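Peer 1: One structure, pasted below without further comment.
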Amino acid sequence: MAFEPCRVRFKGFTPWALQVDVLSYVETVDFAFYMEVIEELNLAVLGLLNEHECELANPEFARVTD
């Protein structure tokens, strides 16, 4: 994972959730390795959310906007 840019920002509010953006680059051209790293990152984020008893927004309420 590249050290720069690597950031997490509180993006805003929706009626049902808080939006958080995570930006990080994986320095590889190996797609299988890329997928492993991304999975590890996503599971780490999910673990932190669970540890702090945070719930994810229900996807039924998600809106896609431009």
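Peer 1: Restricting region 21-64 to residues that are of a type in the set (Val, Ile, Thr) and farther than 19 Å from Arg9 by Cα, which is modelled with the lowest pLDDT?
Peer 2: Val64
Peer 1: Additional query: Within region 2-60, track down each residue that is within 15 Å of the chain's Cα centre (by Cα) and touching a residue at least 24 places away in the same chain (Cβ under 8 Å).
Peer 2: Passing the criteria: Ala17, Tyr25, Val26, Val37, Leu41, Leu56, Ala57.
Peer 1: What tally of residues in region 13-37 results from selecting those that are among the hydrophobic types (A, V, I, L, M, F, W, C), surrounded by 11 or more Cβ atoms within 10 Å (Cβ to Cβ) and over 21 Å from Leu48 (Cα atoms)?
Peer 2: 1
Peer 1: Residue check, Phe10 against (1) surrounded by 10 or more Cβ atoms within 10 Å (Cβ to Cβ); (2) under 24 Å from Glu60 (Cα atoms), all met but one. Which one?
Peer 2: Condition not satisfied by Phe10: (1).
Peer 1: Scan Ala2, Ala57 and give me the residue that is open to solvent by less than 90 Å² (accessible area, probe 1.4 Å), in contact with an Asp or Glu (Cβ under 6 Å, 6 or more places away or on another chain) and part of a loop (DSSP other than H, G, I, E, B).
Peer 2: Ala2
The values are calculated or read from the model by the stated rules, or taken from the named source; none is laboratory data. Worth saying up front: this structure is predicted, and the values here are computed from it rather than measured. Cβ coordinates were reconstructed from backbone atoms using ideal geometry, including for glycine residues, and neighbour counts include every protein chain displayed. The accessibility values were calculated without ligands, DNA or RNA, using every heavy atom of the protein model including side chains. Shrake-Rupley method; radii C 1.70, N 1.55, O 1.52, S 1.80 Å.
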